[in-house]
Amino acid sequence: MVAKKAVLAAAMAAILVGCGGGDSDDPTLEPSTQPPVPDPEPVKRLFSNGDLSVENSLGNEIPVGVYQYTSVNPEGGGETIGLALVSDTGRVALALPSRLSFARIELGENDRFENRLEDSENPDAQSLSITGRRDAGVAEGQNPRISGTFLDNELQTVTRNYRLDLQDADGDTFSFADLEGTYSGINSEGVGTVYTIDNSGNLTGAGTSGCDYEGTVRIPDSGQEVFELNYAASNCGPTSEFNPGDRDGEYFGLGRTENSNRSITIFGTNGTIGTRVSGDSTANEDQVLDEEIGPFVSNEFDVEPSITAKLEPGVYEYTDIPLGSTPPPTIESGVMLISDTGRLALATDVRLGTSRVRVNDVDTFLNTINQVQSPGSNVAPSLARGLFGTPNNNGGGDFTISGSLLDQENELINRYEAVRDTSNDAALSATPLTITRLSGTYSGTRNPGAITATITVSASGAVTGSDTTGCVYNGEANVNNGESGVFEMRLNVRNCSASTEATGDERNGTYNAVGNIIPGTPDQMQVVLGSTENVEFLQLTLQ
């Protein structure tokens, strides 16, 4: 009986094996020639994908705002300065005058980030990442700084170091009521764009090359003049750089607004193409096309909107910043005068110079400077041909401009800092400068040479005068912004004899001038006169 049961059990086992294990459908027992399916790669976190949701890892560690963006070579040198916009979604737009880069960051271990960079310069040539964290070494009272590196993903080498310094906001509350409106602008290629933003954050627009735009705008922080947008572009026609349809697609972007002149700037990308659009409100009568600013010497006193929006017209204390570790025997210092026309004058113990500047969409300016050696200086000025500057206001007090003087190859030869002199703000706020206030006769003596100059300004703004070398002055004065204390003149100068620095012919000619009044008893005037051949500085007292 036992033997029969054993035989039956063996037979049942054979039947089960032959049937594939009874009711079992385990696929591992099925033969297959198909290769295993790999897990899908995670979607890269990019500026150009995702949505507009907040990145919670940032918290208060990476604040929303407008940042000054500075990058240098790993071994030092090659400094570039621009603008960065940061949102609470983790999106970061890094803007230089001729280059845009984008990232969408998230914080990981030790509050550091490392995320893929999208670059408009040549997106297929090099795979880069941006790494960094909030800098713990910032001095007390200054705004946050983010610092880090750009990393070549293939070679695992550092290509650039960078820092982002948060700039002071204007102190106003920012809402859709401020942003609502229609904005138009024309770029350097002549392509026009019009955006309309309503009070709910809906965006529509069109471009002269055929593009239609539709999307959504959000404001990440009402205390910062930064906004974020997601929009679709369609029906785009060709431009000098792109074929029809190349610019179609979904874009993400970051923008900023300038409430003082009702303008916006937007930096965006669809992952392939980087775009920058600057537009003025169509309600603004001072719209400016994307063109070169006029020269210092010209027959107009037109206001330059970028100066009133991004700089502060007025008087600045100018100080040279030594480049090396060993400071020179004498550090160059003096005054910088900035008018709302963009005319800029420099009078230091080493050099006199004039320029005319416009602040671009990344908050920098660069133009030629016409300079001479200051009278009486026994030190020749560096041979500057270019003047560069940018606002640098990260919680340090009075409005400050940081910049450099460049040689004819645009290489750095001097650094400077210019801090606005606010000592006369209260007096000028109570009694702003006007032509009537400016009117009177002013006189002063300049050494070496003991040259005495006298200038009379009439109540109508007519200017007459002379100096003891024979120069005769005739022209007009103008005041655009009385609270800045700055005025301008347009003068014809003739009959000059030589001074210790220039011949009579060099001193004759047509000049524009930038000056300021120092309130007192009596008032004093300091004025820098610049022609295409010469620059002179007068310090005069009301008679």
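Every number here is computed from the coordinates shown, using simple stated rules; none is lab data. What you see is a predicted model; the values in this text were computed from it and never measured. Heads up, the Cβs are rebuilt from the backbone with ideal geometry, glycines too, and the neighbour counts pull from every protein chain shown.
Using only side-chain charges placed at the Cβ, +1 for Lys and Arg and -1 for Asp and Glu, the dipole size of segment 56-166 relative to its Cα centre rounds to 200 debye.
Close amide H partners of Ile451, meaning residues 5 or more places away or on another chain with modelled amide H under 5 Å apart, are Arg446.
As a check on your grasp of the helix formula, calculate [θ] at 222 nm for the chain: sum -39500 (n - 2.57) over DSSP H runs of n ≥ 4, divide by the residue count, round to the nearest 500. Walk me through the numbers on the way to the answer.
Details: 6 runs with 41 residues, N = 543.
When only DSSP H runs of four or more count, the value is -2000 deg cm²/dmol.
Measuring between their Cα centroids, segment 68-116 and segment 516-543 lie 43 Å from each other. Give the Debye-formula value of log10 I(q)/I(0) at each listed q (0.14, 0.24, 0.32, 0.33 Å⁻¹), with one equal scatterer per alpha carbon of segment 165-205, two decimals each. For segment 165-205 at q = 0.14, 0.24, 0.32, 0.33 Å⁻¹, log10 I(q)/I(0) is -0.49, -0.81, -0.99, -1.03.
Work out from phi, with θ = phi - 60° and the Karplus expression 6.51 cos²θ - 1.76 cosθ + 1.60, the ³J(HN,Hα) of each residue of segment 158-168, listed in order in whole Hz, and give x for Gly and Pro. Karplus-based 3J(HN,Hα) across segment 158-168 equals 7, 9, 8, 9, 8, 8, 10, 10, 5, 9, 4 Hz.
Here segment 176-281 has an Rg and Dmax of 13.1, 40 Å, counting Cα atoms alone.
Each peptide among 420-432, 87-99 gets the average number of other Cβ atoms lying within 10 Å of its residues, and from highest to lowest they stand as 87-99, 420-432.
Residues in segment 501-509 carry Karplus couplings, in order, of 10, 8, 6, x, 4, 5, 7, 6, x Hz; the curve used is 6.51 cos²θ - 1.76 cosθ + 1.60 with θ = phi - 60°, and Gly or Pro positions show x.
Under 11 Å from the Cβ of Arg133, count the other residues' Cβ atoms, weight Lys and Arg +1, Asp and Glu -1, and hand me the total. Please list the in-between numbers first.
On the way: positive: Arg112, Arg134, Arg145; negative: Glu61, Glu109, Asp111, Glu114, Asp135.
Cβ neighbours under 11 Å give a net charge of -2.
A crude spin-label estimate for the pair Leu383 and Ala462, with each label 7 Å from Cα along the Cβ direction, gives 4.6 nm.
What value does segment 435-543 have for Rg/Rh, both radii from Cα atoms and Rh as Kirkwood defines it? Please report the intermediate quantities before stating the final value.
Values: Rg = 13.0 Å, Rh = 13.8 Å.
We get a ratio of 0.95 for segment 435-543.
For the peptides 351-364, 263-276, 509-522, 70-83, residues were scored by their other Cβ atoms within 10 Å and the scores averaged per peptide; the highest-first order is 351-364, 263-276, 509-522, 70-83.
Dividing the convex hull volume of the alpha carbon atoms of segment 364-492 by its residue count, what do you get in Å³ per residue?
Taking only Cα atoms, segment 364-492 has a hull volume of 156 Å³ per residue.
By the scheme Lys and Arg +1, Asp and Glu -1, what is the net charge of all other residues having a beta-carbon under 15 Å from that of Asn202?
Details: positive: Arg218; negative: Glu180, Asp198, Asp212, Glu214, Glu228.
Here the charged neighbours net out to -4.
When only alpha carbons are used to place a centre, segment 458-492 and segment 182-250 end up 45 Å from one another. Coupling constants for segment 51-66 follow from the phi torsions by the Karplus curve (6.51 cos²θ - 1.76 cosθ + 1.60, θ = phi - 60°), and in residue order they are 9, 9, 6, 5, 8, 5, 5, 5, x, 9, 6, 10, x, 5, x, 9 Hz; glycine and proline get x.
Near Glu114, the amide H atoms lying under 5 Å from its own belong to Glu106; only residues 5 or more places off or on other chains count, and H is placed 1.01 Å from N.
Past the 39 angstrom mark, what percentage of all C-alpha to C-alpha distances in the chain do you count?
Values: 58076 of 147153 pairs.
The proportion of pairs with Cα distances above 39 Å equals 39 percent.
Ranking Ile81, Phe537, Ser53 by Cα position along the charge dipole of the chain, where only Lys, Arg, Asp and Glu carry charges on their C-beta atoms, puts Phe537 farthest toward the positive end.
Between the amide H of Glu304 and those of Thr341, Gly342, distances stay under 5 Å, these residues lying 5 or more places away or on another chain, with hydrogens modeled in the peptide plane.
Find the Cα radius of gyration of segment 305-420, compare it with 2.2 N^0.38 Å by division, and give the number to two decimals. Mind dumping the intermediate values first?
Numbers: Rg = 13.5 Å, N = 116, 2.2 N^0.38 = 13.4 Å.
That ratio works out to 1.01.
Evaluated with a Cβ-only charge set (Lys, Arg +1; Asp, Glu -1), segment 305-420 carries a dipole of roughly 260 debye about its Cα centre, given to the nearest 20. Packing order of peptides 334-342, 449-457, highest average first: 334-342, 449-457 (average count of other Cβ atoms within 10 Å over each peptide's residues). Assuming charge only on the beta carbon of Lys and Arg (+1) and of Asp and Glu (-1), the dipole of the chain about its Cα centre is about 680 debye to the nearest 20. Once the Cα atoms are used to define both axes, helix 2-18 deviates from the longest principal axis of the chain by about 40 degrees.
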